[in-house]
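Remarks on the structure that follows.
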Amino acid sequence: NSYLKRINEVEPKVDALICETADFAIKKAEEADKMIRDGNINDLTGIPVVIKDNMCTENIRTTCASKMLEDFIPPYNATVVENLNSLGAVMVGKANLDEFAMGSSTENSAFKTTKNPWDLERVPGGSSGGSAASVAADECAFSLGSDTGGSIRQPASLCGVVGMKPTYGLVSRYGLVAFASSLDQIGPITKDVTDCAIVLNAITGHDPKDSTSVDNVRKSDYKEFLKDEIKGMKIGYAKEFFRQGLDEGVKKSIENALKTFEELGAEIREISLKYMDYALAAYYIVASAEASSNLARYDGIRYGHAAEKYEDLIDMYMVSRSEGFGKEVKRRIMLGTYALSSGYYDAYYNKALKVRTLIKQDYEKAFQDVDVIVGPTSPTVAFKIGERVEDPLAMYLADVYTVPVNIAGLPGLSLPCGLSEGLPVGLQIVGKHFDEGTILNAAYAFE
Ligand code: GLN
């Protein structure tokens, strides 16, 4: 009840939610009360959560912030939602996002623009802007986001909360509406590192319904990694991180963070990620190519918005898609279709895949010398609403530090590491595949 009251108070200002699920929450909270009375209690029983609106919730509208799915009511739950339900977590709302998770500011939502709780004239980041803002504004205790190129870590950074993208394959994507299937991953957005470990415990594990979910990794208790001790831990930073485009204030916070790690007994080493500069270009080819294919299913017949006036079948597809999709989604579909078309496939898509391999090798080499790699999550603090909407390239640059991590399938966490211009700065910690534990250890000691 206190969270629902808080939502009523702040939601008119923050606009983090597409849909509030108060009645559902009361019912779930009563069930959680019963679980507790029966002695069936765990870390998440009765804990209020917000879910990004690109994860399917049974009998509750799931829109992807698109007119295309404005009235879509899934008949099933995403696996992660099912996991949280079975532990007694209480969903209080579905979070706003950039349409189909394409964006870095949540301004691409077809329904509303979420504001940053630190400064209502600024963006919360994106695409999981509603998820991050709802945690920062205390509308829930934690939320789930999805991260294809930074969409959990960048909004967490801009809103001063903790966000983690797990290793590709660690968390089931079943019921997550696909954007770029080889990059998408669901993860927690929380107040602190302890909560991050708790939520990770709840959502990780093999799922036969997702063929990319791994079944050969032993289930960890991530709480065991919450230790202050990091003496001897080898922490790398890439010189490529400190190039142009990085705000002075953000740079200072990151340098201070490196000092803190050193004082805590870690060994700081310089590494090189020499293909970093090509990551953004490769990402926007691969992600758009996969998106153009994934979004082909919205044809006005099987799902979502259907045109009312049309001439023939082809026209029906065209009108439905023209009306249903927003500008950025259309831009991605065009980019992706072009990159995959015959004659251009080798020049763009294939080349991007080669760059992807080089970036993976960069990390493999670096991880022979270090346990984790730290750097900025975002080159700037939260920018002003409207400032980048007309300039997609400026918007894409927000992801320069986060996309290489998705390209390599690695785990990455963003946690607050100071303020610049009175706004939060995020520190990104990247680890080896399935080594979420070491990241949590470093983050916990730092926090
Ligand atoms: N901002 C990036 C994009 O627009 C990443 C989005 C995401 O991670 N979902 O593609």
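Kindly establish whether residue 266 is within 24 Å of the chain's Cα centre (by Cα) and either within 16 Å of the ligand (Cβ to nearest atom) or not β-branched (Val, Ile, Thr) (or both). In short, no. One residue stands out in segment 183-238 among those that are of a type in the set (D, E, K, R) and not in a loop (DSSP other than H, G, I, E, B): the one that is surrounded by the most Cβ atoms within 10 Å (Cβ to Cβ), namely 195.
In segment 138-150 there is at least one residue matching the filter, namely being in a loop (DSSP other than H, G, I, E, B), surrounded by 24 or more Cβ atoms within 10 Å (Cβ to Cβ), more than 15 Å from the ligand (Cβ to nearest atom) and touching a residue at least 40 places away in the same chain (Cβ under 8 Å). The residues listed here are 183, 170; of these, the one that is more than 20 Å from residue 108 (Cβ to Cβ), touching a strand residue (DSSP E or B) at 6+ places or on another chain (Cβ under 9 Å) and at pLDDT 95 or above is 170.
Quick one: is residue 113 within 16 Å of the ligand (Cβ to nearest atom), surrounded by fewer than 22 Cβ atoms within 10 Å (Cβ to Cβ) and either within 23 Å of residue 210 (Cβ to Cβ) or under 18 Å from the mean Cα position of the chain (by Cα) (or both)? So residue 113 fits the description; yes. Anything in segment 71-107 that is within 13 Å of the ligand (Cβ to nearest atom), under 15 Å from the mean Cα position of the chain (by Cα) and in a loop (DSSP other than H, G, I, E, B)? List them, or say none. Once the filter is applied, which keeps residues that are within 13 Å of the ligand (Cβ to nearest atom), under 15 Å from the mean Cα position of the chain (by Cα) and in a loop (DSSP other than H, G, I, E, B), segment 71-107 yields 97, 98, 102, 103, 104, 105, 106. The C-beta contact set for segment 396-422 (first residue under 17 Å from residue 283 (Cβ atoms) and among the small types (Gly, Ala, Ser), second residue more than 12 Å from the ligand (Cβ to nearest atom) and part of a helix (DSSP H, G or I), distance under 6 angstrom, 6+ apart or interchain) comprises 408/359; 408/360; 408/363. When segment 26-60 is filtered for residues that are in a loop (DSSP other than H, G, I, E, B) and within 26 Å of residue 186 (Cα to Cα), the ones remaining, listed by number, are 41, 42, 43, 44, 45, 46, 47, 53, 54, 56, 58, 59. Evaluate the following for residue 439: is it buried (at least 24 other Cβ atoms within 10 Å of the Cβ), touching a strand residue (DSSP E or B) at 6+ places or on another chain (Cβ under 7 Å) and farther than 13 Å from residue 257 by Cα? Against the criterion (buried (at least 24 other Cβ atoms within 10 Å of the Cβ), touching a strand residue (DSSP E or B) at 6+ places or on another chain (Cβ under 7 Å) and farther than 13 Å from residue 257 by Cα), residue 439 qualifies. Output the residues belonging to segment 116-137 that are within 16 Å of the ligand (Cβ to nearest atom) and either modelled with pLDDT under 95 or assigned to a loop (DSSP other than H, G, I, E, B) (or both). Selection gives 123, 124, 125, 126, 127, 128.
The residue pairs whose first member lies in segment 82-111 and is closer than 17 Å to residue 27 by Cβ, whose second member is aromatic (Phe, Trp, Tyr) and more than 13 Å from the ligand (Cβ to nearest atom), and whose beta carbons are closer than 8 Å, counting only pairs six or more residues apart or on different chains, are 91/24; 92/3.
Looking only at segment 183-194, count every residue that is of a type outside the set (D, E, K, R) and either within 12 Å of the ligand (Cβ to nearest atom) or out of contact with any helix residue (DSSP H, G or I) (no Cβ under 6 Å at 6 or more places or on another chain) (or both) and tell me the total.
The number of residues fulfilling the criteria is 5.
The values are calculated or read from the model by the stated rules, or taken from the named source; none is laboratory data. Predicted model, so just to flag it, every value in this text is computed and none were measured. Note that we place each Cβ from the backbone using ideal geometry, even for glycine, and neighbour counts take in every protein chain shown.
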